Every structure is written in C-alpha cells, then in structure tokens.
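The structure appears right after this line, and notes come after that.
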C-alpha cells in the first residue's frame, strides 16, 4: 500500500484548473485515483488556505468553494497536524535538515501519518528528493 500525501499546491491544482501546473496535476491524479494500492492524504491545515485563495483571491462563490473542499475531502483524507509534528519540525529546523519551517511541519505530519510518498510542485522540496523515509516527487 502506498500512502500518498498531496502538498497544498497539488490540492489547489485539483480545485482550480486555471493554475499553471493544474493540467499535469489533474492528469496525474486521474491516472492514479483508481489504483487500489494508493491512499491519498492532505493536511487539514490547508483547508483554510484553500478557502482563502479560492474565495478571496479567485472570487469564487463561498458555497462553491466549500462544496469543492468537501468533495476533495471525500476522495483525499485530511490529516491533522499534531504537537509531535510540530516538535519534530523544530528539531529538524534546528538541525538544518531543511530551511522552511512550515514545510517541515507538513513533512513531519506526512511521516507521522505513515505516508511514504509526498507529491508537490514546490521546487525546493523537490530538490530534497527524500525526507527520512518519505519520497518527494512531482506529478
């Protein structure tokens, strides 16, 4: 079983097909969605970001945004950040594992949720290629 964590930029591509990488992301996701060996996850922490970007910046009707997030959450399971994720991120940051504290929290959340693949379009994360046991890939 592959537990696949989708970064915020990947989920936003799925929610907003007008974004630059959206076409490739959507194509990748649809090719993998029905694979019974894959379970998909994202950080529940991203929900407020999705709502803000889609409703405030993209000016999409609030109800449509909430419905889209609800649909996404039915296919892709939200994972909640824990105190341990935060503490691990502090250790990793202080030990210079990676210089983006926010990303370290998300990476640790994915690890602690037994994910083994992290999908992102973030160039800095992609440079890592691996974070502990977590393979970092681009769709």
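The values are calculated or read from the model by the stated rules, or taken from the named source; none is laboratory data. What you see is a predicted model, and the numbers here were worked out from it, not measured in a lab. Neighbour counts are summed over all protein chains in view; Cβ atoms, including those assigned to glycine, are modelled from backbone coordinates with ideal geometry.
Can you report the number of residues in segment 105-138 which are in a loop (DSSP other than H, G, I, E, B) and under 12 Å from the mean Cα position of the chain (by Cα)?
5
Taking segment 21-40 as the region of interest, how many residues are within 23 Å of residue 107 (Cβ to Cβ) and either modelled with pLDDT under 95 or surrounded by 20 or more Cβ atoms within 10 Å (Cβ to Cβ) (or both)?
Matching residues across segment 21-40 total 4.
For residues that are surrounded by fewer than 16 Cβ atoms within 10 Å (Cβ to Cβ) and touching a residue at least 24 places away in the same chain (Cβ under 8 Å), scanning just segment 41-63, find the one that is farthest from residue 8 (Cα to Cα).
Filtering segment 41-63 for residues that are surrounded by fewer than 16 Cβ atoms within 10 Å (Cβ to Cβ) and touching a residue at least 24 places away in the same chain (Cβ under 8 Å), the one farthest from residue 8 (Cα to Cα) comes out as 58.
Working carefully through the options 40, 98, find the one that is within 22 Å of residue 137 (Cα to Cα), in a strand (DSSP E or B) and in contact with a helix residue (DSSP H, G or I) (Cβ under 8 Å, 6 or more places away or on another chain).
Numbers: 98 fails: in a strand (DSSP E or B).
Answer to the check: 40.
Considering segment 64-84 alone, what residues qualify as being crowded, with 17+ Cβ neighbours inside 10 Å and assigned to a helix (DSSP H, G or I)?
65, 68, 69, 72
So, in segment 6-20, how many residues would count as being closer than 17 Å to residue 74 by Cβ and surrounded by fewer than 14 Cβ atoms within 10 Å (Cβ to Cβ)?
0
What do you reckon, is residue 89 closer than 26 Å to residue 126 by Cβ and either in contact (Cβ under 8 Å) with a residue 40 or more places away in the chain or not in a helix (DSSP H, G or I) (or both)?
Judged against the criteria, residue 89 is not a match.
Answer with yes or no whether residue 16 is in contact (Cβ under 8 Å) with a residue 40 or more places away in the chain and farther than 17 Å from residue 118 by Cα.
For residue 16, the condition - in contact (Cβ under 8 Å) with a residue 40 or more places away in the chain and farther than 17 Å from residue 118 by Cα - is met.
Filtering segment 107-139 down to residues that are touching a residue at least 24 places away in the same chain (Cβ under 8 Å) and out of contact with any helix residue (DSSP H, G or I) (no Cβ under 8 Å at 6 or more places or on another chain), which residue is surrounded by the most Cβ atoms within 10 Å (Cβ to Cβ)?
Restricting to residues being touching a residue at least 24 places away in the same chain (Cβ under 8 Å) and out of contact with any helix residue (DSSP H, G or I) (no Cβ under 8 Å at 6 or more places or on another chain), the top hit is 110.
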